[in-house]
Amino acid sequence: MQHYDDVIIPCSHCNLEFAKDVMISQNSYDNELFFCCKGCQTVYHILKDGHLDSFYDKLGKNKLHSVIDKDQDLAKFDTEGFAKKYVTKNDGYCEISLIMEGIHCSACVWLNEKILHKTDGIIKANINYTNYKAKIVWNPDDIKLSQIIAKIQSIGYDAYAYDTKTGEAKANKARKDYYARLVVGIFCTMNIMWIAVAQYAGYFSGITQSAKTILNIAEFVLATPALFWTGWPYFRGAYFAFKNKIANMDILIVFGTLSAYLYSIYATITCTGEVYFDSVTMVITFIFIGKYLEVLSKKNAVDSLDNISSSIPEHVTVIRDGKSSLVDTTQINIGDIIEVKAGEKIAIDGVMQKGGASFDESSISGESLPVYKKHNDKIFSGTLCLDSTIIYKTTKDVANSTIQSIASILEQSLTKKPNIEKVADTISGYFSFVVLAISIVTFVGWYVFVGSFEYALIVAISVTVIACPCALGLATPVATLVGVAVGSKRGILFKSASHLETIAKATTVVLDKTGTITQAKPQVVGYIKYKDFDIDMLYALVQKSNHPISKAIVKYLQANKQVSHEYRLEDIKHIEARGLKASYKEHKIYGGNIEFINDMNIKFDMKQETSVFVFAIDKDVVCSFKLEDMLKTGAVQTIKDIKKLGLNPIICSGDNTKAVEKIAKKVGIETFYSSMTPTDKADIIDRLKKQNKIVVMVGDGINDAIAMGKSDIAIAMGNDTDLAVQMSDIVLIDGNITSVYETLKLCRNVFRTIKQNILFSLGYNVFAISLAVAGFVIPLVAAISMSISSLVVVGNSMRIKNG
């Protein structure tokens, strides 16, 4: 007889079972409640008071397991170093990606999202059930991150910051799990084949029923782990598909193999008919090979990200007050002085202060040749110092460093699907319903036609197995993954994989001149002085501009003129792509192109064959400069190659007509626009789009940002102009014009491969289903054919690497 004290009851919140005498008893809500701890009691009342008690309907009889680290110091989530590494800020709000612990069903996701949404200060909370990744946006004025973590912990879960190392661990775990399942499947398949040989030999030469039953049982023992262990991912996928009332390839695989398995058990027990344990095992194993290849392709994509992220050192040597110390990169501020020795990698972007060294920049630009850097040269995170000790000053923090930005762009790109992939996914969904219907009709037809349940079942199984849309499911994502990975190795960063499709359909390429076709390093080739003037006034004005022409004049004045004073100017105004003006004491000073000077009611004219910069004081032009810019290496050939692709190249520049025309003739572009303001460039893009053109805009500066925002695809040359990079869809890290053609060619290659894969998979299924319905294909051949179709798609996608 069981004593009262020995009664085991579940907790009213977490369902964990304990002896009744140790539980916290409470009469509430017209029920007697029992709680295992104060935490469960508190959470229960939070849910009840917040009208969220439907959580318990979703939870059912599942148990909640506590994963909270009681010793965890929540204060670390509010530290400056933690925020620099994991938190991004935008429009006054903070955003972080967390990995949730304790999530084991959709009810857990529902509960966490509901609780977070009801918390004051939290703007957005989305949890992905497949990878347990939560994206949370909050107002730091209303709530701290530590309070958010505490809120999550209060309902029995936990969370920690997501980083790429977590993604690597998860991908490695999946790969090892699939590898173990594959080994079991192969082992069972190889051994069951020997038994099958004996079965077939006995079929032709004669075998007793008792011996046949023993062999059947041996096959059953081998087929069971292959079906339920190796094939578990398909059963899991089929369960969720059935639960959500959708049809996918997992349902087809489970339907076919489980039917054959159950029929074989029936045949073994009743000693009637033939068994198909060997077919079940082989079908699952061969199909799983395709699944394993899919996991490997995802792991390779994660490796591409992790190889980049691993280029970021976690500690650097900082010099403060004349002393060196090792400091975590998250504690580095802009302006800190860092020492780097030969063989060490750069952690954070900066400017060289002392020394000179060669750097391996292949990790960000793809260039294998070392680049020598000296005083005042920029150095980038992720590059390797090869041959000397140098000292540099940081210009960014670790979160915004070049290599971290590249990793972030790549990670985001893999989360967005091209439109053609969405179409393929939709086809796969309908396709599975159609195949199930065809399989059922085939079974009924053959059963009526030949009167054999066994034969009709095997033909129906062949239809479901051979028609599994694995090839269709792999057609787009594998090609996309390969394309993004190849692009990253070549210094081409896609912010979204969907841009691969858009740029492949492009008809027109609009290029900025300065910094895109030319080197953006104009040189002064002529100087004319019209009147005596204070050259320090000119020097003070051009120093206020970052335009390449102003920089060229600064360099010329420093090298050829005596610049002795730095005047403080007032009322400085920049006129987009035209010039700038300011005041100095009682004088008005102007600098810019001829059109700008004339607009200031200052009469001046001269023959323009190159870029011209005119300087005027009050109403008098006192000097002018002629400047020329050099073409980038490979510019002429790139334009020829773009034309061969059938695209129409156009130059859109803010420079004068003569200068733009000269460059256009050199590279072979017939259509060009000159003296364009940023809004003029945007109008050109709008005009082209109204003509149903798909426009790619290639630029490198702030003056290109508006036009880039208007275009279908924006490509930034990666010349360290943050706004242009932010507005772009694709970033060319090396800034070479040849990479524009490489991008166009790669995208067309990827899109062509995707179309080939889809056409092949659809054609294969139509042909294969027809043969299977006609009864010409056994399940084993169907599985091998389906696996081969998947391998063909994967192999065809891998050819992108050689394109």
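The values are calculated or read from the model by the stated rules, or taken from the named source; none is laboratory data. Since the model is a prediction, treat every value here as computed from it, not as a measurement. All Cβ positions, glycine included, derive from the backbone under ideal geometry; neighbour counts span all protein chains shown. Only protein heavy atoms, including side chains, enter the accessible area calculation; ligands, DNA and RNA are left aside. Shrake-Rupley method; radii C 1.70, N 1.55, O 1.52, S 1.80 Å.
Descriptive notes on the structure:
- Phi-derived couplings, Karplus 6.51 cos²θ - 1.76 cosθ + 1.60 at θ = phi - 60°, listed residue by residue for segment 229-236: 9, 5, x, 4, x, 6, 5, 5 Hz, with x used for Gly and Pro.
- Take the Cα radius of gyration of segment 595-684 and divide it by 2.2 N^0.38 Å, N being the number of residues; the result is 1.31.
- Greater than 23 Å apart at Cα, pairs in Lys531/Lys619; Lys89/Lys681; Lys521/Lys603; Lys85/Lys495: Lys89/Lys681; Lys521/Lys603
- Ranked by the mean number of other Cβ atoms within 10 Å of their residues, highest first, the peptides 689-696, 390-397, 213-220 come out as 390-397, 213-220, 689-696.
- Segment 552-603: trypsin sites (Lys or Arg not before Pro) in DSSP loop, at most 13 other beta carbons within 10 Å: Lys561, Arg568, Lys585, Lys603
- Surface analysis of segment 622-690 yields an accessible area of 44 Å² per residue, using protein heavy atoms and a 1.4 Å probe.
- Cross-link pairs beyond the 28 Å C-alpha cut-off, checked among Lys396/Lys643; Lys48/Lys76; Lys396/Lys489: Lys396/Lys643; Lys48/Lys76
- Both numbers refer to the Cα atoms of segment 641-692; Rg and Dmax are 11.8, 30 Å.
- Sparse-neighbour loop sites [trypsin sites (Lys or Arg not before Pro); segment 441-539; at most 12 other C-beta within 10 Å; DSSP]: Lys505, Lys531
- Along segment 498-515 the Karplus relation, 6.51 cos²θ - 1.76 cosθ + 1.60 evaluated at θ = phi - 60°, assigns HN-Hα couplings of 5, 5, 4, 6, 4, 5, 5, 9, 4, 10, 9, 10, 9, 10, 6, 7, 6, x Hz to successive residues, with x for each Gly and Pro.
- The residues His45, His565, His13, sorted by heavy-atom accessible surface at 1.4 Å with ligands and nucleic acids left out, run His565, His45, His13 from largest to smallest.
- Positive-pole candidate from Ile669, Ile594, Val622, dipole of segment 587-671, charges at beta carbon: Ile669
- For segment 481-533, the carbon plus sulfur part of the accessible surface works out to 50%, probe radius 1.4 Å.
- Unsatisfied cross-links (Cα-Cα over 30 Å) in the set Lys84/Lys124; Lys354/Lys626; Lys373/Lys662: Lys354/Lys626; Lys373/Lys662
- Stokes-Einstein diffusion coefficient of segment 506-549, Kirkwood radius over Cα pairs, 37 °C, 0.692 mPa s, in µm²/s: 241
- Each Lys or Arg adds one and each Asp or Glu takes one away; over the other residues whose Cβ falls under 10 Å from the Cβ of Asp571, this sums to +2.
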